[in-house]
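The values are calculated or read from the model by the stated rules, or taken from the named source; none is laboratory data. Just so you know, these numbers come straight off a predicted model, no measurement behind them. All Cβ positions, glycine included, derive from the backbone under ideal geometry; neighbour counts span all protein chains shown. Side chains included, ligands, DNA and RNA excluded: accessible areas come from the protein's heavy atoms. Shrake-Rupley method; radii C 1.70, N 1.55, O 1.52, S 1.80 Å.
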Amino acid sequence: MDSSNIACGIHIGQSYCLFCQPCEVVVCPLCISETHNGHTMIELAEGYNLAVKKLKTLKSKIDQKLVHNDKLLSELTNIKSSVDSKYESEEKKILSRKKTLEDEVGEHTKKRLKDLDLIREIQVESVKDGEDISEKIQEDLYLKETTSRQASKSDSASEVFRIYSEIKTREQVNNHPVNTISKKLPTFVPGKEKIQDFYLGAFKEADVFKVINQYKTALPFIQNLVCCEDGAILIGHYFSHRLHKLKLTNESLFQMSIIEINSFNMAFLPSGDLLLSTKESSLKILSCSTRKVEPTKYSVSPLITIAVHVTGDQRILVGAREDQPKPFPVNGPRLLIVLNIDGKKEKAYHIDNKGKPIFTLPYRITTDKENNIYVIDIQDVDRTGRIVALDKSSGVRWIYSGHPDINKEQIFRPKDLVVTKSNNIILADGTNHHLHIVNTSGHCIHYLSTKDQLGIELPFCLDIDNTDTLYIGCYTYQDEPEKENIYTVQISGF
């Protein structure tokens, strides 16, 4: 390896002389004095070997990701083929049903026309009979009129008496005139009902969400729930001052440990350590090795932490507000702060491009696969909320304030949110017993009533484990403290 005279990319005229081990960069003398003073340095050759070793490790990870991505592309191709095939099949069914309905309408039309023809035929025959009778009466009347006129001019008494007697006798015959008031053709009244789905048919979706198991805990409600890499879960309730680590089986749950700590929100670091928001200025950390809670360098002072989330590119997102006992009324800044893994502040989302505050209370945070940020923003003391999607330049991409079918009359009160492997956002609308599925463009692509469709009431917190199982933690009504409040749910299609 030739490491001589490698020009510094920052300082003109300087050459790299050492390798900064904690920062993993080559440095020149000016780099050391300005930025890396006090850091552990090693020789360039040793740094080269370390960099080569890490490059091999990175290449191995990249190769694994390539294999995984190739698999995903193959799966997407299969899904597209399946979608096209399913579309053709369902289109044929709909068109076949359309033809059946057209045939049925045609048969009904023929029947109505046949009924109309029969009624008309009967009435025409009735009119014809009436005409025949009337014509005979007419002939008889003309004959009588002629005879009586001739008799009235006759001088023969016997002839007059004979004709009078004859006409009188014929008049006594019951020749009543035909009744012209007859039953009219009926009026056709078109149907007023619109074509309903049950005439043509409706789409029946496969079970998108299916409950796998349900569990009962001693907590009044589950405020926080995160899935661990070992298959266990951590649950907590801020006012219980405890975190519970539980192992769930098909039949029951087993309590593995209890940690004495107030936790308002929590998120795992890549190391396996757990970051905790305790409504203080700095986050705390639960060490995965020592199981002890310790302070961290992740501070938002003089504000206090509310929500915490760790992104896929190892940044710490913290929802923060002013230090006061209750969140409302608002008496200070409410913002989302981005920290790097070393605790240095990189960005703060506070004011939008119109100069107005973005958040009222940044309550929960998540990110998608591209590390786009989504925040539950609580807006008032009634817990009315919305989802705020942020862009990379500290602005707002879109806002979701609930679905009109659900939240037209019921307030949208989002409690938690999580992103699926398909990059859709699941929202828990607790008091309305609903889950909303929103895509990364802010459109609700599906929703369901957890109460009616899954038997789950008051969903409060969500997480998804490494097997893509959705975990739902709930709170319970005061008169139902023994009700199950943790559910595992299978998701498909989202």
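Taking every residue in the range 434-449 that is closer than 12 Å to residue 414 by Cβ and part of a strand (DSSP E or B) and pairing it with any residue that is open to solvent by 40 Å² or more (accessible area, probe 1.4 Å) and among the β-branched types (Val, Ile, Thr), at least 6 positions away or on another chain, the pairs with Cβ-Cβ distances below 8 Å are 438/445. If the requirement is being more than 52 Å from the chain's Cα centre (by Cα) and in a helix (DSSP H, G or I), which of these qualifies: 55, 50, 30? The match here is 30.
One line per residue, one yes/no per condition, for (1) within 24 Å of residue 341 (Cα to Cα); (2) not aliphatic (A, V, I, L, M):
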{"position": "2", "(1), (2)": "no, yes"}
{"position": "7", "(1), (2)": "no, no"}
{"position": "13", "(1), (2)": "no, yes"}
{"position": "35", "(1), (2)": "yes, yes"}
{"position": "52", "(1), (2)": "yes, no"}
{"position": "55", "(1), (2)": "yes, no"}
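Counting only strands (runs of 3 or more DSSP E) that fall entirely inside the range 252-342 and contain at least 2 residues that are over 21 Å from residue 358 (Cα atoms), the qualifying elements are 253-260, 265-268, 274-277, 282-286, 293-299.
To keep it simple, each residue is scored yes or no on (1) in contact (Cβ under 8 Å) with a residue 40 or more places away in the chain; (2) open to solvent by less than 100 Å² (accessible area, probe 1.4 Å); (3) among the charged types (D, E, K, R).
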| residue | (1), (2), (3) |
| --- | --- |
| 33 | no, yes, no |
| 44 | yes, yes, no |
| 56 | no, no, yes |
| 73 | no, yes, no |
| 124 | no, yes, no |
| 139 | no, no, yes |
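Filtering the range 309-336 to residues that are open to solvent by less than 70 Å² (accessible area, probe 1.4 Å) and closer than 20 Å to residue 224 by Cβ leaves 309, 310, 311, 316, 317, 318, 319, 320, 321, 327, 336.
Screening the candidates 399, 425, 387 for the property of being at pLDDT 95 or above, over 22 Å from residue 227 (Cα atoms) and surrounded by 22 or more Cβ atoms within 10 Å (Cβ to Cβ) yields one hit, 387.
I'm trying to understand the selection: among the residues of the range 451-494, which are under 16 Å from the mean Cα position of the chain (by Cα), outside any strand (DSSP E or B) and in contact (Cβ under 8 Å) with a residue 24 or more places away in the chain? Of everything in the range 451-494, those that are under 16 Å from the mean Cα position of the chain (by Cα), outside any strand (DSSP E or B) and in contact (Cβ under 8 Å) with a residue 24 or more places away in the chain turn out to be 453, 454, 492, 493, 494. Against the conditions (1) among the hydroxyl-bearing types (Ser, Thr, Tyr); (2) surrounded by fewer than 20 Cβ atoms within 10 Å (Cβ to Cβ); (3) under 25 Å from residue 310 (Cα atoms), residue 471 satisfies every one except (2).
Could you run through the range 362-384 and say how many residues are surrounded by 15 or more Cβ atoms within 10 Å (Cβ to Cβ) and more than 23 Å from the chain's Cα centre (by Cα)? Qualifying residue count for the region: 0. The C-beta contact set for the range 86-115 (first residue under 30 Å from residue 493 (Cα atoms), second residue surrounded by 10 or more Cβ atoms within 10 Å (Cβ to Cβ) and aliphatic (A, V, I, L, M), distance under 6 angstrom, 6+ apart or interchain) comprises 97/200.
In the set 450, 488, only one residue is over 21 Å from residue 252 (Cβ atoms) and open to solvent by less than 50 Å² (accessible area, probe 1.4 Å); that residue is 450.
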